[in-house]
Amino acid sequence: MKFGIVRFPGSNCDADAYRAVTEGLGQEAEYLWHKSHDLAGVDVIILPGGFSYGDHLRAGAIARFSPIMKEVVEFAQGGGLTLGICNGFQILCEAHLLPGALVRNAGLRFRCHDVGLRVENADTSFTRDYEQGQRLRIPIAHAEGQYVAEPATLDELEAEGRVVFRYVDADGEPTAAANPNGSARNIAGIINAGGNVLGLMPHPERVALEVLGNLDGLGVFTSLLHTVQASATADGPAALAGVGP
């Protein structure tokens, strides 16, 4: 299985994602340069965190028009498994592969610390190795992580089980104090209607190796591996998308 990790000018979590795949998961990974049009036959695409193009205009706005994004959008629209982490989540929203937007944190301060997350949907290609309702400890590092969307969109995400991760306190409750950025309904990560595109603001790749003292993020990557393995003998893009919400 091969992961493709897109490198934009300003990406700074690409190496973390690479090591999560190669060392944490024991799988092949390849960097995909933002000017390329070749996805190198990858099974999964990761849009990593960082400050693509210096976050000029707004986070992810310019990266959305990178040459490689034409192929990324086609890959995702064809059912290809696509993971956007932090800045990658922002890019996915800018590219309209996910609904809503990420705006400046409530309080207008950069937040960099561990947060509590609750797995809201363990029946996806990205979370199948977690338990429903499982609480995780994952780091964040962002200034524009407040997820916003129209009320009707939020209701649709909730009704369809497309809110995958939610910020929670030590008791697993989505309180205001547990919300680091003011995101609507404490939303930390969402999935598309097809179940093959996930965006989340926390960084699972930063807690996917034993040496880091926390493996709470590894389940995102093992889930993807098991999804691709399970679909190896299946046919069609729906099977490649894996277990949908």
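Descriptive notes on the structure:
- Tabulated pairs, segment 179-203, first closer than 16 Å to R128 by Cβ and of a type in the set (V, I, T), second in a loop (DSSP other than H, G, I, E, B) and modelled with pLDDT of 95 or more, C-beta under 7 angstrom, 6+ apart or interchain: I191/T124; I191/R162; V197/L97; V197/L98
- Residues that are closer than 20 Å to A106 by Cα, hydrophobic (A, V, I, L, M, F, W, C) and either without any contact (Cβ under 8 Å) to a residue 24 or more places away in the chain or in a loop (DSSP other than H, G, I, E, B) (or both), drawn from segment 146-165: A149
- Contact annotation: residue pairs with Cβ atoms under 6 Å, 6 or more positions apart or on different chains, pairing a residue in segment 166-177 that is more than 15 Å from R137 (Cβ to Cβ) with a partner that is surrounded by 10 or more Cβ atoms within 10 Å (Cβ to Cβ), are P174/R166; P174/V168; P174/N186; T175/D169.
- In segment 48-57, of all residues being modelled with pLDDT of 90 or more and in a loop (DSSP other than H, G, I, E, B), the one that is surrounded by the fewest Cβ atoms within 10 Å (Cβ to Cβ) corresponds to F51.
- Meets criteria (among the acidic types (D, E) and assigned to a helix (DSSP H, G or I)) for E173: no
- Residue match in segment 129-143 (condition: outside any strand (DSSP E or B), closer than 25 Å to A208 by Cα and either among the hydroxyl-bearing types (S, T, Y) or under 16 Å from the mean Cα position of the chain (by Cα) (or both)): yes
- Across segment 58-76, the qualifying residues are those that are aliphatic (A, V, I, L, M), within 26 Å of R104 (Cβ to Cβ) and in contact (Cβ under 8 Å) with a residue 40 or more places away in the chain, and the one among them that is surrounded by the fewest Cβ atoms within 10 Å (Cβ to Cβ) is V72.
- Scanning segment 103-123 for residues that are loosely packed, with under 15 Cβ neighbours inside 10 Å and in a strand (DSSP E or B) turns up C112, H113.
- Against the list (1) of a type outside the set (A, V, I, L, M); (2) modelled with pLDDT of 95 or more; (3) in a helix (DSSP H, G or I); (4) loosely packed, with under 15 Cβ neighbours inside 10 Å, the condition H96 fails is (3).
- Every pair of residues 6+ apart whose Cβ atoms lie under 6 Å, when the first sits in segment 104-124 and is within 16 Å of A178 (Cα to Cα) while the second is of a type in the set (V, I, T) and assigned to a strand (DSSP E or B): R111/I140; V115/I140; G116/V168; L117/I138; R118/V168; E120/V163; E120/V164
- All positions within segment 5-24 that are out of contact with any Pro (no Cβ under 9 Å at 6 or more places or on another chain), in contact (Cβ under 8 Å) with a residue 12 or more places away in the chain and over 16 Å from I91 (Cα atoms): R19, V21, E23, G24
The values are calculated or read from the model by the stated rules, or taken from the named source; none is laboratory data. Only a predicted model underlies this, so the values are computations on that prediction, with no experimental measurement involved. Reconstructed Cβ throughout: ideal geometry from the backbone, glycine too, with neighbour counts over all protein chains shown.
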